[in-house]
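K.L.:
After the structure tokens below, expect a handful of questions from me.
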Amino acid sequence: MELKLLADVGLVGFPNAGKSTLLSVLSEARPEIADYPFTTLVPNLGVVAYRDYKSFVMADIPGIIEGASQGKGLGLRFLRHIERNSILLFLIPATTEDIRQEYNTLLNELREFNPELMDKTRILAVTKIDLVDDEALSQLKNSIPKKIPIAYISSVSQRGLTELKDIIWQNLTTAEPV
Ligand SMILES: Nc1nc2c(ncn2[C@@H]2O[C@H](COP(=O)(O)OP(=O)(O)OP(=O)(O)O)[C@@H](O)[C@H]2O)c(=O)[nH]1
Ligand SMILES: [Mg+2]
């Protein structure tokens, strides 16, 4: 099954990264959320309200795993028809041992699946920051290279969500029309 995603923002991440949870706190969408991998089997769409009655569409997609570009898992097939000028929002939990490595794994799978995906604007959201203490968080912030815009968020404690929406909106409105 394939469907055309009319989304401005596609959420990319390993299973359990918190994609559906983020969608549920930013929009009226009520995707299934659970503490086991591959909860999401088909994408869910939500409309995210932004300042002054503006909005954009966000899609959570099934988790992407190593080997996805060789057909493992479900996530990548849904990126095939994602809108051409949309943003890819990568989600990686703050508790991940090596965030940079996980980011590179996701990026490699996307690139091997379709090199054109590399033309899309990428944003990184480090999720679940409620699970690390302030000191660990500031260490994290210092250790991650700032090659792409980064937001530090928690859907549970609602931290960093406004900042994330600001970053998304800024990048949506400056994206080159195709
Ligand atoms: N502590 C904490 N837990 C979170 C946060 N966001 C999500 N979770 C938990 O992480 C688990 C996975 O969340 P989901 O939103 O289902 O993850 P997903 O990325 O959609 O997972 P798949 O659909 O399997 O790819 C659930 O148990 C959530 O409650 C957060 O900000 N903080
Ligand atoms: Mg999900």
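K.L.:
Just want the answer: with Cβ charges of +1 for Lys and Arg and -1 for Asp and Glu, which residue in SER20, PRO37, THR95 is farthest toward the dipole's positive end in the range 20-111?
P.N.:
Final value for the positive-end residue is SER20.
K.L.:
Straight-line reach from LYS165: which lysines have Cα under 24 Å away, leaving out those fewer than 8 places along the same chain?
P.N.:
Of all the lysines, those that pass the test against LYS165 - Cα under 24 Å, at least 8 places apart if same chain - are LYS4, LYS19, LYS54, LYS120, LYS128, LYS141, LYS146, LYS147.
K.L.:
Would you please give the residues with an amide H less than 5 Å from that of ILE87, counting only those at least 5 places away or on a separate chain, with H modeled from the backbone geometry?
P.N.:
VAL9, GLY10
K.L.:
Using R₀ = 25 Å, calculate the FRET efficiency as 1/(1 + (r/R₀)^6) where r is the Cβ-Cβ separation of GLU116 and LYS146; round to 0.05.
P.N.:
In this case the efficiency is close to 0.50.
K.L.:
Comparing LYS147, LYS72, LYS128, which has the greatest mean-square fluctuation in the GNM of the chain with Cα pairs linked when under 10 Å apart?
P.N.:
Checking each option, the largest mean-square fluctuation is seen for LYS147.
K.L.:
In addition: Among LEU140, THR173, SER69, whose Cα sits farthest toward the positive end of the charge dipole of the chain (+1 at Cβ of Lys/Arg, -1 at Cβ of Asp/Glu, about the Cα centre)?
P.N.:
THR173
K.L.:
About the Cα centre of the range 25-178, what is the dipole size in debye to 20, counting +1 per Lys and Arg Cβ and -1 per Asp and Glu Cβ, all else neutral?
P.N.:
Here the range 25-178 has a charge dipole of around 420 debye.
K.L.:
Springs between alpha-carbon pairs under 10 angstrom, Gaussian network model over the chain: which of ILE168, ILE33, ILE144 fluctuates most?
P.N.:
Evaluated over the chain, the most mobile residue of the options is ILE144.
K.L.:
Then there's this: So what are the ³J(HN,Hα) numbers for the range 36-46, from phi and the Karplus equation (6.51, -1.76, 1.60; θ = phi - 60°), rounded to whole Hz, Gly and Pro as x?
P.N.:
Once rounded to whole Hz, the list reads 9, x, 6, 5, 8, 10, 10, x, 10, 10, x.
K.L.:
Using amide H atoms built 1.01 Å from N in the peptide plane, name the residues 5+ places from ASN44, or on other chains, whose amide H lies under 5 Å from its own.
P.N.:
For ASN44, the qualifying residues are ASP60.
K.L.:
Hey, another quick one. Just the number, please: percent antiparallel of the DSSP beta bridges in the chain, rounded to the nearest 5.
P.N.:
Bridges in the chain that DSSP calls antiparallel: roughly 30 percent.
K.L.:
Which net charge results for the neighbourhood of THR96, defined as the other residues with beta-carbon distances under 15 angstrom from its beta-carbon, given Lys and Arg at +1 and Asp and Glu at -1?
P.N.:
-1
K.L.:
Additional query: Of the residues LEU117, LEU131, LEU107, which exhibits the maximal mean-square fluctuation in a Gaussian network model of the chain defined by a 10 Å Cα contact cut-off?
P.N.:
LEU131
K.L.:
Return a whole-number percent for the relative contact order of the range 1-77, with Cα pairs under 8 Å and 6 or more residues apart as the contact set.
P.N.:
Rounded, it is 32 percent for the range 1-77.
K.L.:
Here is a further query. Can you give the local net charge around GLY67? Use residues other than it whose beta-carbon is closer than 15 angstrom to its beta-carbon, Lys and Arg +1, Asp and Glu -1.
P.N.:
-1
K.L.:
Relative contact order of the chain, please, whole-number percent, based on alpha carbon pairs below 8 angstrom and at least 6 residues apart.
P.N.:
After rounding, I find 22 percent.
Every number here is computed from the coordinates shown, using simple stated rules; none is lab data. Note that the structure is predicted; figures quoted are calculated from it, not measured. For neighbour counting, all protein chains shown are included, and Cβ atoms are generated from backbone atoms with ideal geometry for every residue, glycine included.
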